[in-house]
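The values are calculated or read from the model by the stated rules, or taken from the named source; none is laboratory data. Since this is a predicted model, take the numbers as computed values, not measurements. Glycine also receives a Cβ, built like all others from the backbone with ideal geometry; neighbour counts cover every protein chain displayed.
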Amino acid sequence: MRTPELHQSKFKIENLNLHYGEKQALFNISMNIPEKEVTALIGPSGCGKSTLLRTLNRMNDLIPDTRIDGSVQLDKLDIYGQVDVQRLRMKVGMVFQKANPFPMSIYDNITYGLRAQGIYNRRTLDEVVEESLRGAALWDEVKDRLKDSALGLSGGQQQRLCIARTIAMKPDVILMDEPTSALDPIATARVEDLMDKLSQDFTIVIVTHSMNQARRISNKTGFFLMGELIEFDDTDKLFMTPSDERTHDYITGRFG
């Protein structure tokens with residue numbers, strides 16, 4: 001984990017409530033997520049951490065009967081105001097729990113989003129492919145097989161390819177929803193090392209069930225319980241001297 005630095009807020013969340021139909025999933029969430037750091041969201045299953053993650057790029061818009069009130073600002077812009085949601089999701093990329101490479105070549109996976117924007121210049125695409133794969137610590141492993149199917153990669157390589165595909169769109173923020181839960185320990189370590197490097201250039205928000213992972217990789221940690229943000233602080237402080245008894249009980253294994 002990098003030493004925390006004084007960074008300004010990338011996201012400012014104030015009094016956020018979210019309902020799925022009649023069910024309330026988030027209760028009055030307020031927190032500031034710093035830029036160019038790793039922020040981890042922890043808590044038991046169903047506590048609201050993935051729901052909060054999806055509010056940061058409006059993925060919850062895709063779920064019927066979702067209702068949100070409160071404010072989520074990205075660089076002081078209210079993302080639930082009059083914004084282009086497609087542009088927002090380019091600026092706030094997402095890596096999912098299960099690697100989801102497209103059934104096409106490694107090269108085409110990286111360039112898919114660029115081509116969708118009308119970018120076809122081969123030199124430009126080649127440069128982005130190499131830059132993105134290097135950024136995802138994958139270039140040396142795949143540079144001689146760019147035309148091979150991405151589905152032939154190992155699970156860990158597929159997840160790093162999905163990270164490279166996200167990087168290619170030059171986002172400001174990368175959201176990660178349990179990105180290592182399906183990976184073996186070696187692949188997990190590689191992705192964690194990658195997150196540490198990427199946080200020098202990107203704001204990273206990760207949902208993880210692993211408290212050890214949160215301690216290893218994050219600068220800030222938020223603990224969620226039953227849709228509430230119980231505590232949000234520097235990771236070392238939250239784990240060593242939590243201010244709320246419920247946080248202490250969770251991190252010491254009394255429930256969860």
Practice item. Would you tally the residues in segment 206-217 being within 14 Å of MET195 (Cα to Cα) and without any contact (Cβ under 8 Å) to a residue 24 or more places away in the chain? Key: 0
Exercise for review: Scan segment 214-242 for residues that are out of contact with any Asp or Glu (no Cβ under 7 Å at 6 or more places or on another chain) and assigned to a helix (DSSP H, G or I) and report the count.
Suggested key: 7
**Study point:** strands (runs of 3 or more DSSP E) lying entirely in segment 38-148 (those with 1 or more residues that are surrounded by fewer than 18 Cβ atoms within 10 Å (Cβ to Cβ) and of a type in the set (Gly, Ala, Ser))
**Key:** 66-74
Check your understanding: Limited to segment 235-256, what total is found for residues that are touching a residue at least 40 places away in the same chain (Cβ under 8 Å) and either within 22 Å of THR55 (Cα to Cα) or crowded, with 19+ Cβ neighbours inside 10 Å (or both)?
Key -> 3
Practice item. Take ARG89 and decide whether it is within 18 Å of the chain's Cα centre (by Cα) and free of Cβ contacts under 8 Å to residues at least 40 places away in the same chain. Key: yes
Check your understanding: Can you name every residue in segment 11-37 that is over 17 Å from the mean Cα position of the chain (by Cα) and either outside any strand (DSSP E or B) or hydrophobic (A, V, I, L, M, F, W, C) (or both)?
Key -> LEU16, LEU18, GLY21, GLU22, ALA25, LEU26, PHE27, ILE29
Point to revise | Pair list, Cβ < 6 Å and 6+ apart or interchain, from segment 172-184 residues that are over 14 Å from LEU53 (Cβ atoms) to residues that are aliphatic (A, V, I, L, M) and not in a strand (DSSP E or B) | key: THR180/VAL191
Exercise for review: Name, by its number, the condition in (1) touching a Leu at 6+ places or on another chain (Cβ under 9 Å); (2) of a type in the set (Lys, Arg); (3) farther than 18 Å from LEU52 by Cβ; (4) in contact (Cβ under 8 Å) with a residue 40 or more places away in the chain that does not hold for LYS220.
Suggested key: (3)
Check your understanding: In the list VAL191, VAL207, which residue meets the criterion of being surrounded by 20 or more Cβ atoms within 10 Å (Cβ to Cβ) and modelled with pLDDT under 95?
Key -> VAL191
Review point. Can you find even one residue in segment 175-187 that is closer than 30 Å to VAL85 by Cα, part of a loop (DSSP other than H, G, I, E, B) and either acidic (Asp, Glu) or in contact with an Asp or Glu (Cβ under 8 Å, 6 or more places away or on another chain) (or both)?
Key: yes
Practice item. Kindly list, by first and then second residue, each pair from a residue in segment 38-59 that is in contact (Cβ under 8 Å) with a residue 24 or more places away in the chain and within 17 Å of SER71 (Cβ to Cβ) to a residue that is surrounded by fewer than 24 Cβ atoms within 10 Å (Cβ to Cβ) and basic (Lys, Arg), limited to pairs with Cβ atoms under 9 Å and residues at least 6 apart or on different chains. Key: ASN57/ARG89; ASN57/LYS91; ARG58/ARG89
Review point. Looking only at segment 10-37, which residues are of a type in the set (Asp, Glu) and in contact (Cβ under 8 Å) with a residue 40 or more places away in the chain?
Key: GLU14, GLU35, GLU37
Exercise for review: Output the qualifying pairs, or none if there are none: Cβ atoms under 6 angstrom, residues six or more apart or on different chains, first residue in segment 147-164 and of a type in the set (D, E, K, R), second residue crowded, with 20+ Cβ neighbours inside 10 Å and outside any strand (DSSP E or B).
Suggested key: ARG160/ALA136; ARG160/LEU138
